[in-house]
1. Every residue in segment 220-237 that is touching a residue at least 12 places away in the same chain (Cβ under 8 Å), out of contact with any His (no Cβ under 6 Å at 6 or more places or on another chain), of a type in the set (A, V, I, L, M) and over 18 Å from A166 (Cα atoms), please.
2. Report, by residue number, each residue of segment 217-241 that is in a loop (DSSP other than H, G, I, E, B) and either among the aliphatic types (A, V, I, L, M) or within 11 Å of the chain's Cα centre (by Cα) (or both).
3. Out of all the residues in segment 80-113, which are surrounded by fewer than 20 Cβ atoms within 10 Å (Cβ to Cβ), of a type in the set (V, I, T) and touching an Asp or Glu at 6+ places or on another chain (Cβ under 9 Å)?
4. Answer yes or no: is there a residue in segment 114-121 that is within 16 Å of F184 (Cβ to Cβ), surrounded by 14 or more Cβ atoms within 10 Å (Cβ to Cβ) and hydrophobic (A, V, I, L, M, F, W, C).
5. What pairs come up if the first residue lies in segment 143-159 and is part of a helix (DSSP H, G or I), the second is surrounded by 15 or more Cβ atoms within 10 Å (Cβ to Cβ) and not hydroxyl-bearing (S, T, Y), and their beta carbons are under 6 Å apart, counting only those six or more places apart or on different chains?
Amino acid sequence: MGRVWSRGGAGDAPAAEVARAHEDAIISVARLEAGFGAHLAPLSDFLLRSESVASSKIEHVDAGWRAFARAVGGGNASAEAQSQLAAVRALISMVDAADIGPMTVNTLLEAHRLLMAPDYYAARESGRFREVQNWIGGSDYTPLHAAHIPPPELVPDLMDDLLTFANRSDLPILAQAALTHAQFESIHPFTDGNGRIGRALLSAVLRRRGLTRRITVPLASAMLADTSRYFAQLNSYRTGAADEFSSTWPERQRGHVPRPRIPH
């Protein structure tokens, strides 16, 4: 990426160890894809919905599986259940778009519209990049003790730069996905929904690069298991630890990929 929020520096993980970890994680995903076929077709929808639900839980949106099932079935459901279902639709939108061609600004804006649709007030600001100041951490009312304050005037140029990086085909896949996610979260281009769109972007990069075709790797589930570590690593990325951030993703991906069992 031409412009990053990182201030330089590298992580401590030796390059050879990181490369081996990335390779092991890619092999795990490839094995699942290869063993998928018609035998495990129901797993595809389950993994995608589970990933979206876990991503919503990171944002403290959790209706419970029964309420979520009612929303999926078109029944009378709570606002939280509708929000979780909207996250599923946003993820599907991004992964499907990545299947067709390069990711674009419109890919992100359409996913954001889908995500915010259940909330009347948020929907009015959806589908466009923010033009106001926001911040990460601290109080909801002031950026005084915020962990990160990304300026709004840089959002369009930074997002163009980020999408150029995300659409490259000459980079290690997992590192590209991880750094795309971290940079997106650092830019924080929307007034709301940045976390869920940013985590959906991970799956979209994996799909665009051809690592996944039918499965959704449950990375948000790994983040949900230790959100403090996840947020700490994002903050470290912004101080220059890009290598360290990307080196942790093979561990997350390898540890949460289900093992296929194919009948003979």
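Values in this text are rule-based calculations from the coordinates and carry no lab data. Note that the structure is a prediction, hence the values are computed from the model and not measured. Glycine gets a Cβ as well: all are built from the backbone with ideal geometry, and neighbour counts include every protein chain shown.
1. Correct list: A220, M223, L224.
2. V217, P218, A241 - these are the residues of segment 217-241 that are in a loop (DSSP other than H, G, I, E, B) and either among the aliphatic types (A, V, I, L, M) or within 11 Å of the chain's Cα centre (by Cα) (or both).
3. Residue satisfying the conditions is V105 alone.
4. Yes; the residues of segment 114-121 include at least one that is within 16 Å of F184 (Cβ to Cβ), surrounded by 14 or more Cβ atoms within 10 Å (Cβ to Cβ) and hydrophobic (A, V, I, L, M, F, W, C).
5. If the second residue must be surrounded by 15 or more Cβ atoms within 10 Å (Cβ to Cβ) and not hydroxyl-bearing (S, T, Y), the pairs left are P152/R130; V155/F129; V155/P189; L158/I187; M159/P189.
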